[in-house]
């Protein structure tokens, strides 16, 4: 696990607030925020069940919102904070949007695509320059998931 | 290359019409359609530039539309036809939506995620049951891309 800066902890706190909202809505609690020039330009959480949409993961929703606000699909100057390691779809979207930096909390050994099962944004053939930082507030990010699944059983 | 059935050729023809619309709009020409019970329930093409949206690939757009129409995120009973091999984001969305069958045209050696660079929907750890058929009308699917890039140079 890498050491977290105060800034990283502060933004992960915001992502965790989004994850908590997901849990309240009966969604797997994953939250994400997108930061550009020190401003949160998009924040959201997993909405798959309520939106009946297989693509409505937190990361996809914030990337779409940021693209819409900035009216461009390249987000190289932004940092995505997300409580859980992105899945293949979201890691692919991070690559497609050329996101400059990804900071995530809990790793996902089953389907994580930023180093666990796949390493999509840093695959050498894709020539991406994304910086990935893992394990920020990992325990809290994992705990909110574990509590959700325990309650659901 | 596998032999194409008449049905597969017919549906790929529809996906090619979508790709042609993308080219007219100055978008990289990739088209997709989603078929369920012999009905086309969603059709679309790449809209990344016009929508300023990194996630607006043909496959994501048809999956979102189909989820919205059917009000569910599981699309196991459907077939996705797409003119080019899905990228990691789209292959991840295919997995997330549990799409039953994917039929694609041209392979993508650079970023293809249904067998070329990655094999996301059939990765053993993901326990997916997606059937993938490659190379249907591959030459025509490739030609529309090549012509687009030649004109743009």
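The values are calculated or read from the model by the stated rules, or taken from the named source; none is laboratory data. Everything numeric in this text was worked out from a predicted model, so none of it was measured. Glycine gets a Cβ as well: all are built from the backbone with ideal geometry, and neighbour counts include every protein chain shown.
Would you check if residue B:54 is within 11 Å of chain A (Cβ to nearest Cβ) and either modelled with pLDDT of 95 or more or part of a helix (DSSP H, G or I) (or both)?
Values: within 11 Å of chain A (Cβ to nearest Cβ): yes; either modelled with pLDDT of 95 or more or part of a helix (DSSP H, G or I) (or both): yes.
In short, yes.
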Mind checking whether some residue in region B:135-145 is out of contact with any strand residue (DSSP E or B) (no Cβ under 8 Å at 6 or more places or on another chain), within 14 Å of another protein chain (Cβ to nearest Cβ) and either more than 21 Å from residue B:5 (Cα to Cα) or at pLDDT 95 or above (or both)? no
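So for region A:72-90 (the condition being without any contact (Cβ under 8 Å) to a residue 24 or more places away in the chain, within 7 Å of another protein chain (Cβ to nearest Cβ) and either surrounded by 24 or more Cβ atoms within 10 Å (Cβ to Cβ) or over 11 Å from the mean Cα position of the chain (by Cα) (or both)), does at least one residue qualify?
Yes; the residues of region A:72-90 include at least one that is without any contact (Cβ under 8 Å) to a residue 24 or more places away in the chain, within 7 Å of another protein chain (Cβ to nearest Cβ) and either surrounded by 24 or more Cβ atoms within 10 Å (Cβ to Cβ) or over 11 Å from the mean Cα position of the chain (by Cα) (or both).
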Could you check region B:124-142 and list, in sequence order, the residues that are within 23 Å of residue B:22 (Cβ to Cβ) and surrounded by fewer than 14 Cβ atoms within 10 Å (Cβ to Cβ)? B:139
Per the list (1) in a loop (DSSP other than H, G, I, E, B); (2) closer than 22 Å to residue A:85 by Cα; (3) touching a helix residue (DSSP H, G or I) at 6+ places or on another chain (Cβ under 9 Å); (4) at pLDDT 95 or above, residue check on residue B:75 breaks on (2)
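Can you tell me how many residues within region A:1-48 are without any contact (Cβ under 8 Å) to a residue 24 or more places away in the chain and either part of a helix (DSSP H, G or I) or exposed (fewer than 13 other Cβ atoms within 10 Å of the Cβ) (or both)? Steps first, please.
Of the residues in region A:1-48, the ones without any contact (Cβ under 8 Å) to a residue 24 or more places away in the chain are A:3, A:5-7, A:10, A:17, A:24, A:27, A:38-39, A:48.
Pick out the ones that are also either part of a helix (DSSP H, G or I) or exposed (fewer than 13 other Cβ atoms within 10 Å of the Cβ) (or both) and you get A:3, A:5-7, A:10, A:17, A:24, A:38-39, A:48.
Final tally of qualifying residues: 10.
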Just to be sure before I move on: is residue A:95 in contact (Cβ under 8 Å) with a residue 60 or more places away in the chain, buried (at least 20 other Cβ atoms within 10 Å of the Cβ) and either in a helix (DSSP H, G or I) or within 11 Å of the chain's Cα centre (by Cα) (or both) in the structure I sent? no
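Within region B:57-66, can you find the residues that are facing chain A (nearest Cβ under 7 Å) and touching a helix residue (DSSP H, G or I) at 6+ places or on another chain (Cβ under 8 Å)?
Filtering region B:57-66 for residues facing chain A (nearest Cβ under 7 Å) gives B:60, B:63-64.
Across region B:57-66, the qualifying residues are B:60, B:63.
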Selection within region A:50-64 - surrounded by fewer than 22 Cβ atoms within 10 Å (Cβ to Cβ) and free of Cβ contacts under 8 Å to residues at least 24 places away in the same chain: A:51, A:52
What is the number of the single condition among (1) out of contact with any helix residue (DSSP H, G or I) (no Cβ under 8 Å at 6 or more places or on another chain); (2) within 14 Å of chain A (Cβ to nearest Cβ); (3) in a loop (DSSP other than H, G, I, E, B) that residue B:125 does not meet? (3)
For region B:96-117, give me each residue that is in contact with a helix residue (DSSP H, G or I) (Cβ under 6 Å, 6 or more places away or on another chain) and either at the interface with chain A (Cβ under 8 Å from one of its Cβ atoms) or more than 20 Å from residue B:67 (Cα to Cα) (or both). B:96, B:97, B:105, B:106, B:113, B:114, B:117
